[in-house]
Structures are given as structure tokens and as C-alpha cells.
1. Which number do you get for Rg(Cα) / (2.2 N^0.38 Å) in the chain?
2. Once the principal axes of the Cα atoms of region 49-143 are found, what is the range along each, listed largest first in whole angstroms?
3. Given the DSSP H assignment, sum -39500 (n - 2.57) over each helix run of at least 4 residues in the chain and divide by its residue total; what's the result at 222 nm in deg cm²/dmol, nearest 500?
4. When only Cα pairs under 8 Å and 6 or more residues apart are kept, what is the percent relative contact order across region 45-162?
5. Would you grab the residues whose amide H sits under 5 Å from the one on W151? Only those 5+ places off in sequence or on another chain, please, with H modelled 1.01 Å from N.
6. Bins of 5 Å, beginning at zero and ending with the bin holding the largest distance: percent of Cα pairs per bin for region 1-74, please.
7. Under Stokes-Einstein, with the Kirkwood radius over Cα pairs standing in for Rh, what whole-number D in µm²/s applies to region 36-78 at 20 °C and 1.002 mPa s?
8. Taking the Cα centre of region 117-264 as the origin and placing charges on Cβ (Lys, Arg +1; Asp, Glu -1), which of P159, G236, F126 is farthest toward the positive end of the dipole?
Amino acid sequence: MSAEPRLHVEVEGSGPVVVLAHGFGGSARNFLSQARALRDRYRIVRFDARGHARSEAPAEASAYTPDAFVADLGRVLDQVGARAAVVGGLSMGAGTALRFALAHPERVQGLVLAAFPPGAGAPGTFAAVAADFADVIEREGLEAAGARFVWGASSGLDPAAARLVRRGFLEHPPHGLAHTLRGVLAAEPSLDELARLAELARPALVIVGARDRMSLPASRALAEALPRAKLVVVEGAGHVVNLAQPAAFNRALEEFLAAAVGGA
């Protein structure tokens, strides 16, 4: 059995531990604004998922599964010496955080679920086109795949945002993204497949952009299914809600954390 891949982990601040997991094609950098806003009162832990950015990218496709991403989140907690923490993420990262909470509820003090993915069966998502997206990465490279699926004309991104997204996307190892698409995003469950949500009695912040047509219905359903969830819909934001409206996102996050775990 091969060793688990090394993960790039960044830690800032002191106080109750908050771990934030990025979405597909992102990195720990995506939560820099949150780290800066919260590090005076909380210990903010950010990391690059396996196959992304500065973390190692195993060559084998079998290394990229939802269970492997859940185990990585546990390894990050172990690395920073946290028995339990508030765990959260955006999109793919939110899916991983929720799976982790269902598998290890004793390690979760609260949940932050941003832009929750609607499941592989929903049209218009990366999950729905995961196989085609991965095939284009392998056949034509990241630049061509990104232009078609991420920052092209159909993305709705303005030119400045498209340049920023492109720069971040191109730093990832191509095989890591292709394996993540096939092994993790294509396996995103719909909410009705996530048994035991009603038993997850942890405080949860479900936060989503008002313009996020993909995640808005899933986020509303998730907030209804979790017994202690608060839904926050952020005006003027699309899918990457924390980058689109950082002040509103940080305000909601600070209010949630103060109620859930207090502050240093």
C-alpha cells in the first residue's frame, strides 16, 4: 500500500480550529480573505486537496475517491493537533466536509457548507460533465479544457475574473484534476442519497450566492434536512460566494462561529 500523499496545509491565528476545504480546481488561496478576517479569534486551517496546486498528486486513478478526500480531512485535523473542529468548504469541499461529519460526527463541532453541489445528476454542473471534462484534459491539455468548461464565453465571467480563474486553474497537475473529476465529482451524491442527515445534530451554516442557480436549490434542501442549520443567501454572488462577496460571507461566518464555538 502506497503512502498517503503529502498535503499542503496553512495555519493562521489561534483559538477554536476552523478547517476550510476549497472546491474543484481551487486551492487554499481561495480562503485567504476568510483567514485574514478570522485569525485574531480562530485558528484557520486551509489546505490544497490531493491532486491540486501544492499538494501531491498520486498517479493512480484509484487514489481519488470521496472516501480518500474524507480521510485527508481527518489527516489535516491530526496534523494540526485538533481532536475536533468546525469543518467546512465550498462546493466539492462542502461535499467532503459533510461526508466527514457523517462519518466522524465526534470530530465536528460545526459545519460550514458553502455553494453545496447539487449532485452528479444535475445538469450544468462540473459533475454532470465530469467524464467529458476529464477526457478533454487528457486529450488536449488544461488550457483547452479550461477554456471550454471553466472560463470560456459560456462561463459568464468578466475578462478580469476569467484571467484570475485561468491562472489558478493552470497551476494544477492535469492528471490530478482528471482523476478528481472522474473519481470524486462524478460521484457527488444527491441529497436524497445522503442518509442520516436528520441525525447530524451539529450547528451548520449553509451559505450560497443568490445568483448560484446550480447550488441554490441544493442549499435550500440541505438547510431543511439538517436539524440545526441556518441558511444564508448572499445577494450579488454566484457560485464562488466567498470570493464574490467576501464582506458578506465573512460577516455570516463570524456570526455563526461566535454562536457555535465562541472565540479566543
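1. After normalising by residue count via 2.2 N^0.38 Å, the value is 0.93.
2. Extents along the principal axes: 43, 29, 21 Å.
3. -11500 deg cm²/dmol
4. 15 percent
5. Answer set, sorted by chain and number: none.
6. Histogram of Cα-Cα distances, whole percents per bin: 3, 17, 26, 23, 15, 10, 5, 2, 0.
7. 179 µm²/s
8. Farthest towards the positive pole: G236.
No value in this document is a laboratory result; all are computed from the given coordinates. Quick caveat: nothing in here was measured; it's all calculated off a predicted structure. Ideal geometry is used to build each Cβ from the backbone, glycine not excepted, and the neighbour counts take in all protein chains shown.
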